[in-house]
Every structure is written in structure tokens, then in C-alpha cells.
């Protein structure tokens, strides 16, 4: 944006200060001033989370990688910032009528925490697929101030029911992302980053769900650190903002993968979309399997527990490896509310993505020694059968089995296929057949 004309005291009859405010409102719907006000409201409520230089990631990507640790927030995600800021700016008369919200988990915890702190009754709608860890945390933070209602399979299902309840009962709906006060609260994350950093930031990576976090952080950075490249990161199975950018308008996706529950929405906010058009430089999609690999690496190598959405900003670094060499990079870890019961699914998705686990339908001849021949002649020394299901239902010459095989290295898979063909094994691969794969795995 061109500012040379602002050197004049008066521009076309408009005072310089007024002109600046109007330009700011036009391009940056969330002002720096309002984000600073949000910071004051959040004092004593939300933690000023650390910005930490990570040595191993910095070495791996040959740059300086700083992690903004919102997983260490009081509710283990940044969502408390927006929820509390919104409620703190509402008249008491509205709060006393009660509030309603919809959330896959993190916003729900933020609202529940705010309800308890402010003595406000809240009704919180969550999808039935929300991790039990997040559901239990909502109840813990809200105590007797909140009621949790599980409904539908996605955030959008819970959203519809929450809006209906708010309209029928005269309550205020606390939006998780499509609200200026909420966005201002999330913008404090960006304010803290620039307060703590001692070097210019070349790249900022932030996850995108509905768009609240990147709208707030992006607004602050565009005004206070305009040279920083702001990269939004979405899961491949829920590219709501990416598709909206592509079409130049907010679109609703018909089907999404709900695995990355903190960032899986069918439709981004219209306010968030307009802000992101001005402040986001690029949006990159990351496969769910890659996210799972990152979750496991962060836990095993760094001792950091992140949820799928929280891993997005680090998982994307592989796709920017060549561009970030020698640069200063900030990745926002948005949340750490991961459910331990999801560990096996996370491991499975990671192995599949890395090409280390494969499923087959194998038709073994129904004669003695057929399986032994497969083990001796086909299976490699480092290959491991992790699943085997066989059920003889007829007297045909061959019986079908579901076989899961884990290989040591990605390259071992082609050798396995080669041996199966050489020994005449009748098989069908399932990994690339979504319908069959979902049925068996």
C-alpha cells in the first residue's frame, strides 16, 4: 500500500490522522490499538506463552525456527484469548441471559473457562466425534456454569444446533472465529511474538481452521512487521480457506476429513476471509498423514504434546525447506489437547503416509503349506505382518485374506511387490482403493 502522500498534513481536505484511520480500516479490519486493548483485558486470564528457539528443528531446516507455544496456554490452546475478549466486551445484561457456543473442543474450553471466571451460564455444543479429552476438559473448566451438548459429526453440525438454541432462547452466540472481538483476542498471539522476538521475522506459519487466529495475528503483523511472509496452513482434507481463495468468495465444502478436529470446518468466516485476503501471502495444504508423523516426532524427539491442528505449522516446513534456509521462522503451535486414545490412529496414519504400512487382499491356495511358502519366499527379512484375517466360507480353490504388512524402509515395498509377482501371489492392494481401505482398516 502506497503511503507517500501521507507526508502531507492534509490530503484532499482530510486530516492526516483521519486518513490513516480510514486506510487502516479499509485494509486492516483489526487495528493494532484494539489488539493492545485485548491484551489488557486478558491480563491475569491468558498466559503470555513463550517464544522458543528450537535447536533440532533449526538444524534440520538450516534456519532459525521459533515455536510460539500456545499449547502451554491455560486451556492448552490460544482459544481462551478470543473467547474471553469477546465476553469481556459484552454488556452484563446480555451475559446474564446466558451464552451459547459451538466448538470441536478448544473454543469450548476457552468459553467454559470464561464462563466460570465471569459467573456466566453457558451451553456448549460439540460434535459427537470430539475427543473425550476435550469434552472432559470443557466440563472441568466450566464446572457448574456450563452444559455440554454433543450433536452431529462435524463442527458445522454443532454450529447449526447452537445457533438454533441461541435464537430460540434469547442467548448470545460466541463465535469461535467470525467475530471482531474474538479475532482481536487471537491477535494478541501476534503481539506477544513481536514483543519477544529479537530478530526480523522472515516467515510466519499459522494454522487455519475458521480463520480467527491467522486473521488476528496477520492483521497485527501486516501493520507492525509488513516484511514478514504470512503462510496459512490447512489440512488437506479440509481446505476451506484455500478453496475460498481459489473461488474468490466464501464457499462451503460438502465433505471434509474431521481428523484434524481443531482445523476441520466446512466453511470459514466471511470476516476472516476478507481479512485473510489482505494479510495472508499463501495457503498450503498438508496431508493428514504428514501431520501425524509430525505429532509423533514432536513427542518422541522434543517431548512436546500437540494436537493435530497444533502440528500443522511445523508439518508444513518440509514443503518450504528450500525457501527458509538461513531465514528466521516462527511456527505457532496452536494447541496441545491431544487424546491419548487417538495414538494408534495417529501411528497408523503416519505409517501409511510414510509408505511403511500396506494392506492387501491375498487369495491363498487352499492347500497345506500355502501360508508357509508366502512367509518363506515372499516376506522380506525386515517385513512384519501386523494384521491377518482369514475366513473360509466356501470350498473354492483359494481363500481371501486381509493382510497388513509393515516394512522397515519405504523402498522395501517395491521389493515386496516384486517377490509377490515372481511367486504368482494373487493379491489386490488396498491402500490406493479408498472404498475397500475404509471398509477393512
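The values are calculated or read from the model by the stated rules, or taken from the named source; none is laboratory data. What you see is a predicted model; the values in this text were computed from it and never measured. Cβ atoms come from the backbone with ideal geometry, glycine included; neighbour counts cover every protein chain shown.
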| query | Which one is nearest to residue 51 (Cα to Cα) among residues in region 322-345 that are at pLDDT below 95 and out of contact with any strand residue (DSSP E or B) (no Cβ under 9 Å at 6 or more places or on another chain)? | reply | 338
| said: Which condition from (1) closer than 22 Å to residue 213 by Cα; (2) touching a helix residue (DSSP H, G or I) at 6+ places or on another chain (Cβ under 8 Å); (3) at pLDDT 95 or above; (4) surrounded by 24 or more Cβ atoms within 10 Å (Cβ to Cβ) is the one that residue 122 breaks? | reply: (1)
| request: Output the number of the condition that residue 157 fails; it satisfies all remaining conditions of (1) surrounded by 17 or more Cβ atoms within 10 Å (Cβ to Cβ); (2) at pLDDT 95 or above. | output: (2)
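So that you can scan it fast, the table gives a plain yes or no per residue for (1) surrounded by 13 or more Cβ atoms within 10 Å (Cβ to Cβ); (2) in contact (Cβ under 8 Å) with a residue 24 or more places away in the chain; (3) over 20 Å from residue 236 (Cα atoms):
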position: 301; (1), (2), (3): no, yes, yes
position: 314; (1), (2), (3): yes, yes, no
position: 318; (1), (2), (3): yes, yes, no
position: 321; (1), (2), (3): no, yes, no
position: 344; (1), (2), (3): no, no, yes
position: 362; (1), (2), (3): yes, yes, yes
position: 372; (1), (2), (3): no, no, yes
| said: Looking only at helices (runs of 4 or more DSSP H) that lie completely in region 217-321, which have at least 3 residues being in contact with a helix residue (DSSP H, G or I) (Cβ under 8 Å, 6 or more places away or on another chain) and either at pLDDT below 95 or farther than 25 Å from residue 356 by Cβ (or both)? | reply: 240-247, 270-279
| task | Test each condition in (1) crowded, with 19+ Cβ neighbours inside 10 Å; (2) under 17 Å from the mean Cα position of the chain (by Cα) for residue 220 and report the one that comes out false. | result | (2)
| So which residues in region 285-299 are farther than 16 Å from residue 238 by Cβ and in contact with a strand residue (DSSP E or B) (Cβ under 6 Å, 6 or more places away or on another chain), if there are any at all? | none
| message | Go through region 105-132 and report how many residues are closer than 24 Å to residue 344 by Cβ and part of a loop (DSSP other than H, G, I, E, B). | response | 6
| said: Please pick out the residue among 92, 81 that is farther than 27 Å from residue 343 by Cα and surrounded by fewer than 17 Cβ atoms within 10 Å (Cβ to Cβ). | reply: 92
